[in-house]
Amino acid sequence: MKFIALLASILPLAGAFAPTPAFTSSRVSTELYDASIQFVKGLEEKVVPDISMTRAVDGSSGTATFKFANPNVFDASTASAGEVTGMFLVDDEGEMSTTDVNARFSNGKPQAIESVLVMKNPQEWDRFMRFMERYAEANGLAFTKAG
(Lines give C-alpha, C1' and ligand atoms only; values in the text may rest on other atoms or scores of the structure.)
Protein backbone atom coordinates (compact mmCIF):
# COMPACT_ATOMS: atom_id res chain seq x y z
CA MET A 1 0.00 0.00 0.00
CA LYS A 2 1.40 3.33 -0.99
CA PHE A 3 1.25 5.96 1.69
CA ILE A 4 2.54 9.33 2.66
CA ALA A 5 3.29 9.98 6.29
CA LEU A 6 3.22 13.50 7.67
CA LEU A 7 5.34 13.78 10.81
CA ALA A 8 5.70 16.83 13.01
CA SER A 9 8.71 17.21 15.26
CA ILE A 10 6.92 17.63 18.60
CA LEU A 11 3.41 16.30 18.09
CA PRO A 12 3.37 12.96 16.30
CA LEU A 13 0.83 14.02 13.70
CA ALA A 14 0.55 11.60 10.85
CA GLY A 15 -1.47 11.45 7.68
CA ALA A 16 -1.57 9.12 4.76
CA PHE A 17 -2.40 9.21 1.10
CA ALA A 18 -3.54 5.66 0.49
CA PRO A 19 -5.22 3.97 -2.45
CA THR A 20 -8.97 4.12 -2.21
CA PRO A 21 -10.85 0.80 -2.39
CA ALA A 22 -11.83 1.58 -5.99
CA PHE A 23 -8.20 2.23 -6.99
CA THR A 24 -7.35 1.36 -10.57
CA SER A 25 -4.09 1.71 -12.41
CA SER A 26 -5.58 3.96 -15.07
CA ARG A 27 -4.85 7.62 -14.51
CA VAL A 28 -7.69 10.12 -14.42
CA SER A 29 -6.56 13.08 -16.46
CA THR A 30 -8.53 16.26 -16.00
CA GLU A 31 -7.35 19.82 -16.22
CA LEU A 32 -8.26 20.47 -12.58
CA TYR A 33 -6.39 17.45 -11.21
CA ASP A 34 -3.58 17.08 -13.72
CA ALA A 35 -0.43 16.58 -11.66
CA SER A 36 2.60 14.43 -12.41
CA ILE A 37 6.08 13.62 -11.22
CA GLN A 38 8.83 13.54 -13.83
CA PHE A 39 12.54 12.69 -13.76
CA VAL A 40 13.01 13.50 -17.43
CA LYS A 41 11.06 16.58 -18.49
CA GLY A 42 8.00 15.50 -20.45
CA LEU A 43 8.18 11.84 -19.31
CA GLU A 44 5.60 11.14 -16.61
CA GLU A 45 6.64 8.69 -13.90
CA LYS A 46 3.93 6.02 -13.66
CA VAL A 47 5.10 4.51 -10.35
CA VAL A 48 3.36 6.09 -7.36
CA PRO A 49 6.02 6.71 -4.67
CA ASP A 50 6.00 6.33 -0.92
CA ILE A 51 6.37 9.86 0.44
CA SER A 52 7.45 10.82 3.96
CA MET A 53 7.04 14.41 5.06
CA THR A 54 8.50 16.31 7.99
CA ARG A 55 7.79 19.87 9.03
CA ALA A 56 9.43 22.14 11.58
CA VAL A 57 7.39 22.75 14.73
CA ASP A 58 7.05 26.44 13.84
CA GLY A 59 6.04 25.59 10.25
CA SER A 60 8.96 27.54 8.82
CA SER A 61 10.38 24.66 6.74
CA GLY A 62 9.86 21.05 5.79
CA THR A 63 10.99 18.15 3.64
CA ALA A 64 9.35 15.50 1.52
CA THR A 65 11.25 12.29 0.77
CA PHE A 66 10.03 10.36 -2.27
CA LYS A 67 10.85 6.65 -2.69
CA PHE A 68 10.11 5.03 -6.03
CA ALA A 69 10.45 1.23 -6.37
CA ASN A 70 11.36 0.23 -9.96
CA PRO A 71 10.35 3.53 -11.58
CA ASN A 72 9.54 3.50 -15.29
CA VAL A 73 12.34 6.00 -15.95
CA PHE A 74 14.64 2.93 -15.74
CA ASP A 75 12.74 1.08 -18.50
CA ALA A 76 14.66 0.48 -21.72
CA SER A 77 11.70 1.92 -23.66
CA THR A 78 12.17 5.32 -21.98
CA ALA A 79 15.95 5.56 -22.42
CA SER A 80 15.61 7.63 -25.58
CA ALA A 81 13.56 10.29 -23.74
CA GLY A 82 16.65 11.69 -22.02
CA GLU A 83 18.65 11.51 -18.82
CA VAL A 84 17.48 12.11 -15.27
CA THR A 85 18.27 15.74 -14.42
CA GLY A 86 16.14 16.10 -11.30
CA MET A 87 12.67 15.43 -9.98
CA PHE A 88 9.97 17.71 -11.31
CA LEU A 89 6.54 18.06 -9.70
CA VAL A 90 4.31 19.47 -12.43
CA ASP A 91 0.71 20.67 -12.14
CA ASP A 92 -1.53 23.48 -13.37
CA GLU A 93 0.19 25.99 -11.03
CA GLY A 94 3.62 25.29 -12.53
CA GLU A 95 6.59 23.26 -11.44
CA MET A 96 8.58 22.51 -8.29
CA SER A 97 11.88 20.69 -8.61
CA THR A 98 14.87 19.25 -6.82
CA THR A 99 18.22 17.90 -7.98
CA ASP A 100 18.57 15.78 -4.82
CA VAL A 101 17.88 12.52 -6.69
CA ASN A 102 19.69 9.27 -5.91
CA ALA A 103 19.37 5.87 -7.56
CA ARG A 104 19.80 2.58 -5.70
CA PHE A 105 21.35 -0.34 -7.58
CA SER A 106 21.29 -4.09 -6.97
CA ASN A 107 23.63 -6.37 -8.92
CA GLY A 108 24.48 -3.47 -11.22
CA LYS A 109 20.85 -2.78 -12.15
CA PRO A 110 18.86 0.25 -11.01
CA GLN A 111 16.13 -0.70 -8.54
CA ALA A 112 14.86 2.47 -6.91
CA ILE A 113 15.04 6.25 -6.77
CA GLU A 114 15.00 8.34 -3.61
CA SER A 115 14.58 12.09 -3.89
CA VAL A 116 14.27 14.86 -1.30
CA LEU A 117 12.37 18.11 -1.81
CA VAL A 118 13.20 20.83 0.73
CA MET A 119 10.60 23.51 1.45
CA LYS A 120 12.22 26.58 2.98
CA ASN A 121 9.18 28.58 4.01
CA PRO A 122 5.44 28.17 4.76
CA GLN A 123 4.49 29.29 1.24
CA GLU A 124 6.55 26.48 -0.33
CA TRP A 125 4.96 23.98 2.08
CA ASP A 126 1.46 25.19 1.14
CA ARG A 127 2.34 24.97 -2.55
CA PHE A 128 3.63 21.41 -2.06
CA MET A 129 0.44 20.40 -0.24
CA ARG A 130 -1.69 21.80 -3.11
CA PHE A 131 0.40 19.73 -5.53
CA MET A 132 -0.09 16.63 -3.37
CA GLU A 133 -3.85 17.13 -3.32
CA ARG A 134 -3.88 17.21 -7.13
CA TYR A 135 -1.44 14.29 -7.42
CA ALA A 136 -3.52 12.21 -5.00
CA GLU A 137 -6.70 12.91 -6.94
CA ALA A 138 -5.04 12.16 -10.29
CA ASN A 139 -3.69 8.82 -9.01
CA GLY A 140 -6.67 7.53 -7.03
CA LEU A 141 -5.22 8.26 -3.60
CA ALA A 142 -6.98 9.65 -0.54
CA PHE A 143 -5.68 11.60 2.45
CA THR A 144 -6.52 10.46 5.98
CA LYS A 145 -5.15 11.83 9.22
CA ALA A 146 -4.07 9.43 11.93
CA GLY A 147 -5.87 9.86 15.24
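The values are calculated or read from the model by the stated rules, or taken from the named source; none is laboratory data. Every value quoted in this text rests on a predicted model; they were computed, and no experiment measured them. When we count neighbours, we look across all protein chains shown, and the Cβ atoms used for this are built from the backbone with ideal geometry, even at glycine. When the accessible area is computed, the model is the full protein with side chains, heavy atoms only, and any ligands, DNA or RNA have been set aside. Shrake-Rupley method; radii C 1.70, N 1.55, O 1.52, S 1.80 Å.
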Exercise. Residue separation times 0.36 nm, minus the C-alpha to C-alpha distance between Glu95 and Glu124: what's the value?
Worked result: 9.3 nm
For this session: Enter the accessible area per residue of the range 59-147 (Å², integer; probe 1.4 Å; all protein chains in place).
Result: 55
Exercise. Got a sec to turn the phi values of the range 61-70 into Karplus ³J(HN,Hα) couplings, 6.51 cos²θ - 1.76 cosθ + 1.60 with θ = phi - 60°, whole Hz, x for Gly and Pro?
Worked result: 7, x, 9, 10, 9, 9, 10, 10, 8, 6
Exercise. Using 7 Å Cα-to-Cβ label points, what is the Asn72/Glu133 separation (nm, one decimal)?
Worked result: 2.7
Problem set entry | Under 19 Å from Lys46, Cα to Cα: aspartates and glutamates that are on another chain or at least 8 residues apart | Glu31, Asp34, Asp75, Glu83, Asp91, Asp92, Glu95, Glu114, Glu133, Glu137
Problem set entry | Solvent-accessible area, 1.4 Å probe, carbon plus sulfur percent, for the range 101-141 | 45
